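Q: The structure follows.
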Amino acid sequence: MKAVILLSGGLDSSTVLYLAKSEGYSCYALSFDYQQRHRRELEAASAIASAVGVVEHQVVSFDLRLWGGSALTDDRIALPQERNLAQMSESIPVTYVPARNTIFLSFALAYAEAIEANRVYIGVNALDYSGYPDCRPDYIEAMQSVFRLGTKQGREGDPIEIVTPLIDLKKTEIIQLGDRLGVPWAQTWSCYSGDRVPCGTCDSCRLRLAAFEELGVVDPGMRDRL
């Protein structure tokens, strides 16, 4: 059994990769260099892919800075800092990258069909305070229809399945799952800033720190900063 796993190198996608491996799949990791502010995450993705032992790790390059529209692809848009959880949940944040998961899943679908994979794993989470529109169940359902209707494999009755094992989990539950699977948190990267060490103040860092704190442990990926 083969599976393509979308791997950013962050907490969620790393957990999903380890889960797919534990479920017996031959794992093909897929990462993206879209000239994001936090390209440091690609180093984490490479480390995680090596740690778990994937069959192949592909990095696809393209430039979403061509049209920006996000704090992650346009340096003129300020990165939100020091926001509490209530502020994060007020609206879709400027760190949302237009249609990013649609782009990612399209590449994953092409890759999966080319290697005759059964599944595409993606670490979207509908309970995350960021509330990105392309991380919600109705969006995934719509993309599953695309997978079925837009491929030879799907039209012949064997559609590639989109698997979203984290979609209904709290961040603390994701960490607990990752602990059971042996995810090396110190090698993962969640920070949105372009620095070499986690900033600890962007939305992604604060969500991660809050979850580890709730579990009563120090985040291994933040220990050097703290």
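Q: Carbon and sulfur: what percent of region 2-225's accessible surface (1.4 Å probe)?
A: Result for region 2-225: 49 percent of the exposed heavy-atom area is carbon or sulfur.
Q: If all Cα-Cα distances of region 2-225 are sorted into 10 Å bins from 0 onward, what percent lands in each bin, rounded to whole numbers?
A: Spelled out bin by bin, region 2-225 gives 8, 34, 39, 16, 2, 0 percent.
Q: Given points 7 Å out from each Cα along the Cα-Cβ axis, report the Asp138 to Asp63 separation in nanometres with one decimal.
A: 3.6
Q: Go through region 30-108 and name the GluC sites (Glu not before Pro) that are in a DSSP coil and have 15 or fewer other Cβ atoms within 10 Å of their Cβ.
A: Passing sites in region 30-108 are Glu82, Glu90.
Q: Let me ask something else about it. Nearest 10 degrees, 0 to 90: what angle lies between the long axis of helix 171-181 and the longest principal axis of the chain (Cα atoms)?
A: Value to nearest ten degrees: 60.
Q: When only C-alpha pairs under 8 Å and at least 6 residues apart count, what is the relative contact order of the chain, in percent?
A: Relative contact order here is 25 percent.
Q: Longest span of the chain, sites excluded, free of trypsin sites (Lys or Arg not before Pro) in DSSP loop with at most 14 other C-beta atoms within 10 Å?
A: The segment 77-169 is the longest one with no such site.
Q: So what is the accessible area of the chain per residue, in Å², with the probe set to 1.4 Å?
A: Heavy-atom accessible area per residue stands at 46 Å².
Q: Calculate log10 I(q)/I(0) of region 51-123 for q = 0.14, 0.28 Å⁻¹, where I(q) comes from the Debye formula with a single equal point scatterer on each Cα and nothing for solvent.
A: Debye intensities relative to I(0), on a log10 scale: -0.67, -1.30.
Q: Angle between the Cα long axis of helix 203-214 and the longest principal axis of the chain, 0 to 90 degrees, nearest 10?
A: 80
Q: Once you have a ≥ b ≥ c as the square roots of the Cα gyration tensor eigenvalues for region 161-226, tell me rounded if a/c is under 1.5, and otherwise prolate or oblate according to whether a/b is larger than b/c.
A: Verdict is prolate for region 161-226.
Q: What chymotrypsin sites (Phe, Trp or Tyr not before Pro) in region 10-104 are in a loop by DSSP, with at most 10 other Cβ atoms within 10 Å of the Cβ?
A: Trp67
Q: How long is the gain from Ala78 to Asp179 if the chain were fully straight, where each residue apart is worth 0.36 nm and the alpha carbon distance is subtracted?
A: Here the segment from Ala78 to Asp179 would lengthen by 33.0 nm.
Q: In degrees, nearest 10, range 0 to 90: what is the angle between the Cα axis of helix 41-52 and the longest Cα principal axis of the chain?
A: Orientation of helix 41-52: about 60 degrees from the principal axis.
Q: Write out the GluC sites (Glu not before Pro) in region 123-167 meeting two conditions: DSSP loop, and at most 14 other Cβ atoms within 10 Å of their Cβ.
A: Of the GluC sites (Glu not before Pro), the ones in loops of region 123-167 whose Cβ has at most 14 other Cβ atoms within 10 Å are Glu156.
Q: Does anything in region 171-191 have its amide N under 18 Å from the 7 Å Cα→Cβ label point of Leu127, and if so which residues?
A: The answer is 171-181, whose backbone nitrogens lie closer than 18 Å to the label point.
Q: Say R0 is 41 Å: what FRET efficiency, to the nearest 0.05, do Arg155 and Leu85 get from their beta-carbon distance?
A: Plugging the Cβ-Cβ distance into 1/(1 + (r/R0)^6) gives 0.40.
Q: Could I ask something else about it? Under 25 Å from the Cα of Lys21, which lysines turn up, not counting those fewer than eight places away in the same chain?
A: Lys21 reaches Lys2, Lys170, Lys171.
Q: Could you work out the relative contact order of region 129-169, using alpha carbon pairs under 8 angstrom and six or more residues apart, expressed as a whole percent?
A: Relative contact order for region 129-169 comes out at 32 percent.
Q: At 222 nm, what value in deg cm²/dmol follows for the chain if DSSP H runs of at least 4 each add -39500 (n - 2.57) and the sum is divided by all its residues, to the nearest 500?
A: -11000 deg cm²/dmol
Q: Another question, if that's okay. Could you state the number of Å between the C-alpha centres of region 163-198 and region 55-128?
A: That distance is 15 Å.
Q: What full-extension length gain, to one decimal in nm, is calculated for Ile92 and Glu116 as 0.36 nm per residue of separation minus the Cα-Cα distance?
A: 5.1 nm is the gain from fully extending Ile92 to Glu116.
Q: Starting from 0.36 nm per residue, how many nanometres of slack lie between Lys2 and Val218 once their C-alpha separation is accounted for?
A: In short, 74.3 nm is gained.
The values are calculated or read from the model by the stated rules, or taken from the named source; none is laboratory data. These figures come from a predicted structure and were not determined experimentally. Ideal geometry is used to build each Cβ from the backbone, glycine not excepted, and the neighbour counts take in all protein chains shown. All accessible areas refer to the heavy atoms of the entire protein, side chains included, with ligands and DNA or RNA removed. Shrake-Rupley method; radii C 1.70, N 1.55, O 1.52, S 1.80 Å.
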